[in-house]
Amino acid sequence: MRLKSDKELKIGLKVPDIELLVPANNKEVAIKAIKAGADAVYIGYSRYGARIQAGNSLADLADIIDFAHIYRVKVYITLNTILKDTEINDIEKIIWKLYYLKADGIIIQDMGLIECKLPPVPVIASTQCHNNTLEKILFLEQTGFKRVILPREITLNEIKEIKKHTKIELECFIHGALCVSYSGQCYLSYANGGRSANRGECAQPCRKKYSLKDSDGKYIVRNKYLLSLKDFNLSEYIEDLIFAGVTSFKIEGRLKNAAYVVNTTAYYRQIIDKILATYGLRRSSQGYSEYNFEPDIYKTFNRGYTTFNINNSKKDLATMNYVSSLGEYIGVVKEVKKNHFSLNTNILNNGDGICFFDENNQLNGTNINKTEGNLIFPANIKGIRQGIKIYRNYNKSFNDLLSSDEIVRKISTKIKVRETDCGYIFFLYDDEGNCAIYMISNNTEEAKNPQNVLNTLKIQLAKTGKTEFEIDSADIKLKKVPFLKVSKINEIRRILTNNLRKIRRKNYKNRKKRISLETIPYPIKTLNYKANIYNKKAAEFYEKRGSSIKEYALESQKNLSGKELMVSKYCIKNQLGICSKFNNVKKYKEPFILTDESGKEYLVGFDCNKCIMSIKNRN
């Protein structure tokens, strides 16, 4: 008997509609993300989001939701900071307003909100909730959360195990910047300058330079970006993640520009669509995008890529010599003259930005003023020398394409024209059964050349331009063909498309889900500052569910001496090649001491059995 192939086995599995979830920092980026192929976007309100710089008004959010729902694209609003007692009532009112705007879900961290009277809008557990165990995720599912956002440090096998025991939707990061710390458990920014990541104010101290020495004062490394990770890229794992049970595939980047979002969205849209077509699966929104460029994730912002911990790999995770965009590798410098240099390739252009590592292994960059074949005339020749590698971190022509308005997204429709006793009826309808109707009188003058009019009808009705609709076919059955000017046909088309747009908006069905009033026991019985409890309602939430609170959030404390500020699956020892698991490595006395450029010191500890690193406040 022939055994079924892996593909045949996967085809037999029941897989829900798959969602590509894209970030947006404002209305312009959201609209472009949708046109580029997003199935959903996540975006911040003007307050209470984990990216305080990326806030939007209710009016703008309303516009985004209206536009998105035409394509059946969902819009999730990020309200995922921890909250003060004085803020709880305000955010409860905001959630009701977002519900009436037809937002598809709210992303939260603060459990105090669950003690509020919320509308039946789906609630999503932010990655800041530290959803790192099956027990926590089961608790959130039983409490009534619609979805959990998995931590970036999770492995593929852990996702499979979670899905085996739960029915809750799983959202997984697949691309973008990586937090070096466990999600929601980083207090380095707050300890370093009072800017709390859990309040949306992270100052990104992980992207700063540090020196590392052992307990004997012996320097291991000086002035390197020791905590700065490469960017996340799980494009090769999308199929595995689908069949592991992930529903939503999330691109990070609510502070990124439109070019980055459009390029990355298109890149993953093509990958996901190919997999869906292979296994007969569906995406969660409608319409198809037409691009005027070939997506390439190396041509917009990136620090180089890593798959991080998805397959338990610990190699080459950090960017110790740089924190800005590296871009795409171009070539090697052949020769350097007074005001120009030559490359072993000629693909650079005027206006491009390049970068390179200088003799001190520091990343430097400049712009290109002029090119003549493989001769490059930069704005600054300093530091460029024979034999070094050149990277392009700004591709002008590519970014011009991404910034244009040529990207369109189309919804397939059909048109039908019929003759009745009352007149001629035009129907424009989509695959959902939504239909716009327009009628003209049967007193209209009959065409002297019916075939010409029929041909003109088909041509002009199909000219939907940059609207949301593509007319795939025109079914025209008439005994008498009316004489219609081109201007009249165009008017009919405009009315039909405008009306179908309104009908699709009206007929959009939001998912509704209420949080459970049942108090399911929380799996952790004693809670310290890492539970991020910042208000009385959050305390009430946990106490109702059998937990005792040892201390409130770190943001409510003044003495941070000895506090653990970060736990990470990234390990400095491993990155530097001095892990005790390696053979014949030089030994250093622990704990290590991490020092920032201002002289502030932190203690670095290691749990080698669990392969995790921790950083504590020394002072």
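Please find, among THR456, THR444, THR467, THR413, the residue that is in a helix (DSSP H, G or I) and over 30 Å from GLY327 (Cα atoms).
THR456
If you go through the range 490-506 one residue at a time, do you hit one that is in contact with a Lys or Arg (Cβ under 6 Å, 6 or more places away or on another chain) and not aromatic (Phe, Trp, Tyr)?
No.
Let me confirm something: among ASN321, ASN311, ASN292, which residue is within 17 Å of ILE572 (Cα to Cα), surrounded by fewer than 17 Cβ atoms within 10 Å (Cβ to Cβ) and in contact (Cβ under 8 Å) with a residue 12 or more places away in the chain?
Selected residue: ASN321, the only one of ASN321, ASN311, ASN292 that is within 17 Å of ILE572 (Cα to Cα), surrounded by fewer than 17 Cβ atoms within 10 Å (Cβ to Cβ) and in contact (Cβ under 8 Å) with a residue 12 or more places away in the chain.
Which residue is farthest from ILE107 (Cα to Cα), if the candidates are limited to the range 124-163 and must be under 22 Å from the mean Cα position of the chain (by Cα) and among the hydroxyl-bearing types (Ser, Thr, Tyr)?
Checking each candidate, the answer is THR155.
Assess whether PHE356 counts as being part of a strand (DSSP E or B), assigned by TED's automatic domain parsing to the domain that holds GLU328, more than 18 Å from GLU328 (Cα to Cα) and modelled with pLDDT of 95 or more.
No, not satisfied.
When the range 19-55 is examined, which residues are found to be surrounded by fewer than 21 Cβ atoms within 10 Å (Cβ to Cβ) and within 13 Å of ALA258 (Cβ to Cβ)?
ASN26, LYS27, GLU28, ILE31
If you check LYS586 against the conditions, is it of a type in the set (Lys, Arg), assigned to a loop (DSSP other than H, G, I, E, B) and surrounded by 13 or more Cβ atoms within 10 Å (Cβ to Cβ)?
No; evaluated as a whole, the condition is false for this residue.
Please specify each residue of the range 434-445 satisfying the condition of being at pLDDT 95 or above and not hydrophobic (A, V, I, L, M, F, W, C).
Within the range 434-445, ASN434, TYR438 qualify.
Just checking, which of GLY200, GLY184 is crowded, with 18+ Cβ neighbours inside 10 Å, out of contact with any helix residue (DSSP H, G or I) (no Cβ under 7 Å at 6 or more places or on another chain) and either closer than 28 Å to LEU594 by Cα or polar (S, T, N, Q) (or both)?
Exactly one residue qualifies, and that residue is GLY200.
Based on this model, can you work out whether PHE341 counts as among the hydrophobic types (A, V, I, L, M, F, W, C), crowded, with 20+ Cβ neighbours inside 10 Å, at positive phi and touching a strand residue (DSSP E or B) at 6+ places or on another chain (Cβ under 8 Å)?
no
Quickly run through the range 569-600 and pick out the residues that are at pLDDT 95 or above and in contact with a Ser or Thr (Cβ under 6 Å, 6 or more places away or on another chain).
Matches in the range 569-600: THR595 only.
Do we find that VAL121 is under 19 Å from ALA40 (Cα atoms), among the β-branched types (Val, Ile, Thr), more than 18 Å from the chain's Cα centre (by Cα) and not in a helix (DSSP H, G or I) in this structure?
Considered against the rule, which asks whether it is under 19 Å from ALA40 (Cα atoms), among the β-branched types (Val, Ile, Thr), more than 18 Å from the chain's Cα centre (by Cα) and not in a helix (DSSP H, G or I), VAL121 comes out as yes.
Here is a yes/no grid of residues against (1) hydroxyl-bearing (Ser, Thr, Tyr); (2) within 27 Å of GLY245 (Cα to Cα); (3) in contact (Cβ under 8 Å) with a residue 40 or more places away in the chain:
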| site | (1), (2), (3) |
| --- | --- |
| LYS14 | no, yes, no |
| ASP17 | no, yes, yes |
| PRO23 | no, yes, yes |
| LYS27 | no, no, no |
| ILE31 | no, no, no |
| ALA38 | no, yes, yes |
| ALA62 | no, no, no |
| ALA68 | no, yes, no |
| ARG72 | no, yes, yes |
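So that you can scan it fast, the table gives a plain yes or no per residue for (1) touching an Asp or Glu at 6+ places or on another chain (Cβ under 7 Å); (2) part of a helix (DSSP H, G or I):
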position: LEU178; (1), (2): yes, no
position: ASN198; (1), (2): yes, yes
position: ALA203; (1), (2): no, no
position: CYS206; (1), (2): no, yes
position: ASP216; (1), (2): no, no
position: ILE220; (1), (2): yes, no
position: ILE238; (1), (2): no, yes
position: TYR268; (1), (2): no, yes
position: ILE275; (1), (2): yes, yes
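Taking only the range 365-390 into account, find how many residues are part of a strand (DSSP E or B) and under 20 Å from ASN344 (Cβ atoms).
12
Go through the range 132-149 residue by residue and tally those that are farther than 23 Å from ASP39 by Cα, at pLDDT 95 or above and part of a loop (DSSP other than H, G, I, E, B).
2
Quick one: which of LEU560, LEU594, LEU565 is assigned to a loop (DSSP other than H, G, I, E, B) and surrounded by 15 or more Cβ atoms within 10 Å (Cβ to Cβ)?
LEU560
Please verify whether LYS480 is modelled with pLDDT of 90 or more, exposed (fewer than 12 other Cβ atoms within 10 Å of the Cβ) and part of a loop (DSSP other than H, G, I, E, B), treating the condition exactly as stated.
In short, yes.
I need a count of the residues in the range 225-259 that are farther than 30 Å from ILE275 by Cα and crowded, with 20+ Cβ neighbours inside 10 Å.
Summing the residues that are farther than 30 Å from ILE275 by Cα and crowded, with 20+ Cβ neighbours inside 10 Å in the range 225-259 gives 3.
Buried (at least 20 other Cβ atoms within 10 Å of the Cβ) and in contact with a Leu (Cβ under 9 Å, 6 or more places away or on another chain): is that true of ASN263 in this structure?
yes
If you take the residues in the range 66-95 that are within 23 Å of the chain's Cα centre (by Cα) and over 23 Å from THR127 (Cβ atoms), which one is surrounded by the fewest Cβ atoms within 10 Å (Cβ to Cβ)?
ASP66
For ARG514, state whether it is over 24 Å from GLN185 (Cα atoms) and surrounded by 15 or more Cβ atoms within 10 Å (Cβ to Cβ).
For ARG514, the condition - over 24 Å from GLN185 (Cα atoms) and surrounded by 15 or more Cβ atoms within 10 Å (Cβ to Cβ) - is not met.
The values are calculated or read from the model by the stated rules, or taken from the named source; none is laboratory data. The model shown is predicted, which means the values in this text are computed figures rather than measured ones. As a convention, Cβ positions derive from the backbone with ideal geometry for all residues, glycine included, and neighbour counts pool all protein chains shown.
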